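Peer 1: This is the structure, below, for whatever I ask next.
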């Protein structure tokens, strides 16, 4: 996790920019220059990275949008991981993989070693077997990578699954994170994905994981807001990184003007809002 | 699901061959012919497909092993999905994706439309939002595809997570499968991944899902056996497809001789064993 923590402190930003490029929503100025979807997606994402580099601590790549473009989409994914590294932005591979043993190890190697992300998101449904191989892989990274385990997500159907039992299964996932996290960094190398949309759930997860770093999706577009983030802060007012994807990528649709200046301005606003909440690392 | 059911009936086989190609375990006769790992993996997997085509109902591709080879690995994955279709073998994309809304839709489009698998495995941790986009995608497939949701898996750490609550979360997952499955085929288009290693759990899931098709991993290599499969059968003695990966792929390591004849012979033995259990569709 240390690579994220260091970047967030250097930038004084708890904001992560999420790249979820929908080929149907590319700016005209980009799509007009390319015949192939994958090249247009690459230029757009690269442009967003350059625009927001000073405002964000890290970048989160949503692998689904690159897989959807076939093998050439994975070339784009590879290129963007490299570009982000060149810009000093640590990459979170938002892959939510959840498989076991040698399969989990193959996924971890793919995204953390072959493609070169510093962090990855992982699903806990198959238990420790799904998470440990990712932790083993990040523990090989010199800069200090990390794994974010899905704990309490922000989507509408999450409560019906994650709160259907006693104790709720998000508490079982939080306990798994607490038990498996380690390392010598400022935060354990196992963190948690916790949405900003259910503050009472967020407070409970924070109780269970007082020291962990939370990756918070659902800011802006999914209904999470500053109050939701406040519920997730640790005792020092730290411990959260907040992702915004569509709010940054598609800012140009509302503001008019170039997509890069719109993205930068949206990222700056979100970063400042998070500073207002007191979120820092 | 109908495409799997039809193939299983035609072949009189409840066996699925899993392709989990570990580049460190390729037969010498294959690796000697190739400088690049991805080409060697392709030749090996293609050779296994040709060897077992008469013995198995379908093939399951474990995406992690192709992702691990970078973008060229996804070319291999694409080629094998095409080859399987040419051989009349429906493909189950074992991707265990678990994300929501437009992201889940992008994953579903990637594996079921762009790459062209007939079925996919999905994780239920994020609830209905993670599963419905996959069902919408398979409902567009003329041949009748399907989605297998992780319910009760066969790995060692599964019980500590899936049985930690009341009710156990595998029952919540089973209920999700029951609720979301539909279609006009012989089985609902939402099925369940249920391991053969915990018969009492398997029987409970069968009680909750009397009509569903189960995809059963962990046969052979992971400790599942015929007795474990028997606990999963529906009232008519049907309702299960059983996957064997390493037991088929690496049969040559034990038997000596060519990897293709070893794979064919291992697949035939497993198919016959399943017929002995009474498993049929």
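No value in this document is a laboratory result; all are computed from the given coordinates. If you're wondering where the values come from, they're calculated on a predicted model, not measured in any experiment. A quick note on method: Cβ atoms are made from the backbone with ideal geometry, for glycine too, and the neighbour counts reach across all protein chains shown.
Peer 1: Round to the nearest 10 and give me the degree value, 0 to 90, for the angle of helix A:128-138's Cα axis relative to the longest principal axis of chain A.
Peer 2: 60
Peer 1: Pairs of alpha-carbon atoms within less than 8 angstrom and 6+ residues apart define the contacts here; what relative contact order does region B:204-262 have, in percent?
Peer 2: This gives 33 percent for region B:204-262.
Peer 1: Still on this structure: Let me make sure I get this right: for region A:1-146, a, b and c are the square roots of the gyration tensor eigenvalues over alpha carbons, sorted descending. Under 1.5 in a/c it's rounded, otherwise prolate if a/b > b/c, else oblate. Which is it?
Peer 2: The shape class here is oblate.
Peer 1: On the principal axes of its Cα set, how long, how wide and how thick is region A:231-281? Give whole Å, largest value first.
Peer 2: Cα extents, longest axis first: 41, 15, 14 Å.
Peer 1: Okay, moving on. On a 0 to 90° scale, report how tilted helix A:169-180 is relative to the longest principal axis of chain A, with both axes built from alpha carbons and the result rounded to the nearest 10.
Peer 2: That works out to roughly 90 degrees.
Peer 1: Report, in whole Å, the centroid distance computed from the Cα atoms of region A:164-182 and region B:1-74.
Peer 2: So the separation of the two Cα centres works out to 36 Å.
Peer 1: Something else now. Note the full-extension length gain between residue B:261 and residue B:200 as 0.36 nm times their separation in residues minus their Cα-Cα distance, in nm to one decimal.
Peer 2: 18.3 nm
Peer 1: Would you calculate, for chain B, the mean residue ellipticity at 222 nm contributed by helices, counting each DSSP H stretch of 4 or more residues as -39,500 (n - 2.57) and dividing by all residues, to the nearest 500?
Peer 2: -13500 deg cm²/dmol
Peer 1: Roughly what angle does helix B:259-277 make with the longest principal axis of chain B, taking Cα atoms, 0 to 90 degrees, to the nearest 10?
Peer 2: Rounded to the nearest ten degrees, it is 30.
Peer 1: So how do B:94, B:186, B:38 line up by other beta-carbon neighbours within 10 Å, fewest first?
Peer 2: Going from least to most buried by this count: B:186, B:38, B:94.
Peer 1: Over the Cα atoms of region A:2-276, what is the Rg over Rh ratio if Rh follows Kirkwood?
Peer 2: So for region A:2-276, dividing Rg by the Kirkwood Rh gives 0.95.
Peer 1: Then there is this: Bin width 20 Å, origin at 0, all Cα-Cα pairs of the protein assembly as shown: what percent of pairs per bin?
Peer 2: P(r) over the protein assembly as shown, rounded to whole percents: 23, 55, 21, 1.
Peer 1: Follow-up question, since we're still on this one. Can you pull the mean other chain C-beta count within 10 Å for peptide A:73-79?
Peer 2: The per-residue average across the peptide is 3.
Peer 1: Okay, moving on. Counting other beta carbons within 10 Å of each Cβ, put A:11, B:96, A:254 in order, fewest first.
Peer 2: Fewest-to-most ranking of A:11, B:96, A:254: A:254, A:11, B:96.
Peer 1: Can you give me the C-alpha center-to-center distance between region A:215-281 and region B:97-140, rounded to a whole angstrom?
Peer 2: 28
Peer 1: Here's another thing I want to ask about it. Relative contact order, percent, of chain B when contacts are C-alpha pairs under 8 Å separated by at least 6 residues?
Peer 2: That works out to 21 percent.
Peer 1: What list do you get for A:34, A:111 if you sort them by fewest beta carbons within 10 Å?
Peer 2: Ordered by Cβ neighbours within 10 Å, fewest first: A:34, A:111.
Peer 1: What number, in percent, do you get for the relative contact order of region A:122-189 if the mean sequence gap of Cα pairs under 8 Å and at least 6 apart is divided by its residue count?
Peer 2: Averaging sequence separation for qualifying contacts and normalising by length gives 31 percent for region A:122-189.
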